[in-house]
1. Spot the failing condition for Ile89; the list is (1) under 30 Å from Leu6 (Cα atoms); (2) at pLDDT below 95; (3) in a helix (DSSP H, G or I), and only one is missed.
2. Cβ-Cβ under 6 Å, sequence separation 6+ or interchain: first residue in the range 123-151 and surrounded by 10 or more Cβ atoms within 10 Å (Cβ to Cβ) and at pLDDT 75 or above, partner acidic (Asp, Glu) and in a loop (DSSP other than H, G, I, E, B). Which pairs?
3. In the range 50-73, which residues are part of a helix (DSSP H, G or I) and loosely packed, with under 13 Cβ neighbours inside 10 Å?
4. Here's a check for you: in the range 45-71, which residue that is touching a residue at least 40 places away in the same chain (Cβ under 8 Å) and of a type outside the set (A, V, I, L, M, F, W, C) is farthest from Met16 (Cα to Cα)?
5. Looking for something of a type in the set (D, E, K, R), part of a loop (DSSP other than H, G, I, E, B), under 26 Å from the mean Cα position of the chain (by Cα) and over 30 Å from Cys107 (Cβ atoms) - is there at least one such residue anywhere in the range 15-37?
6. Identify the residue in the range 15-49 that is loosely packed, with under 14 Cβ neighbours inside 10 Å and among the β-branched types (Val, Ile, Thr) and, among all such residues, is nearest to Ala71 (Cα to Cα).
Amino acid sequence: MKDRVLYVLANATVLMGLPTLKKHLMEEFALQESKVFNTNVKKALAELSASPRDDFGKIGGSYHAGMSSVAYKAKEKADAELEDAQKYIDQGCIKCCFCGEWCPGDCELGEDSIARGSKYRCVSCNKIFWSWISDGYTVAHEVEYKKSFNY
C-alpha cells in the first residue's frame, strides 16, 4: 500500500488530504472502500510519516511527494505570494483586478455612488475599479457594489 500511496502523491500537483488520497487510490487501482482499505491506508501513512524519506512529506493534514515534488513547490509558491500580498495590504495598497499591479492608497478617488465601498483608478492601466465594504476594502472588483433584492 505504501508504494501505491507514493505513486499517487508523486503524480499529484496539489497537496492531498486523506479523503482525496483515498479517492485517488480507489480510482487508480480499482480498490473498494472498506474497513480493511481504510486501515491499510492509515497504517501506510503512519509508517511513511514515521520514517525520514525524501519522497514523502506532510504539511498539516495534507501529504506530498517530498520537497522536490510539484505539489510541495506549488504550496511554497502560494505561501510566498500570500506573504508578499500581505506586505502590500499592510502598506494600504490594493491590487488592480484588471492588470494585477498593486496601487498605493492614494489612487483612491473616493466613496462609490452607493457608499458600499471605494472607487480607485489604477496607476498602471488607468482603469477604474472598486473595493467593497463586505470584503474589507482589500479586494478589487470590476463592478460597483451590487444591491441585493432586499434593498
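The values are calculated or read from the model by the stated rules, or taken from the named source; none is laboratory data. Just so it is clear, the model here is predicted, and its values are computed rather than measured. Cβ coordinates were reconstructed from backbone atoms using ideal geometry, including for glycine residues, and neighbour counts include every protein chain displayed.
1. The one condition Ile89 does not meet is (1).
2. Listed by first residue and then by second, the contacts come to Ser124/Glu101; Trp130/Asp112; Trp130/Glu144.
3. Here is the first cut: in the range 50-73, the ones part of a helix (DSSP H, G or I) are 50, 70-73.
Once the filter is applied, which keeps residues that are part of a helix (DSSP H, G or I) and loosely packed, with under 13 Cβ neighbours inside 10 Å, the range 50-73 yields only Ala50.
4. In this case the residue turns out to be Glu47.
5. Taking every residue of the range 15-37 in turn, none turns out to be of a type in the set (D, E, K, R), part of a loop (DSSP other than H, G, I, E, B), under 26 Å from the mean Cα position of the chain (by Cα) and over 30 Å from Cys107 (Cβ atoms).
6. Going through the qualifying residues, I end up with Thr39.
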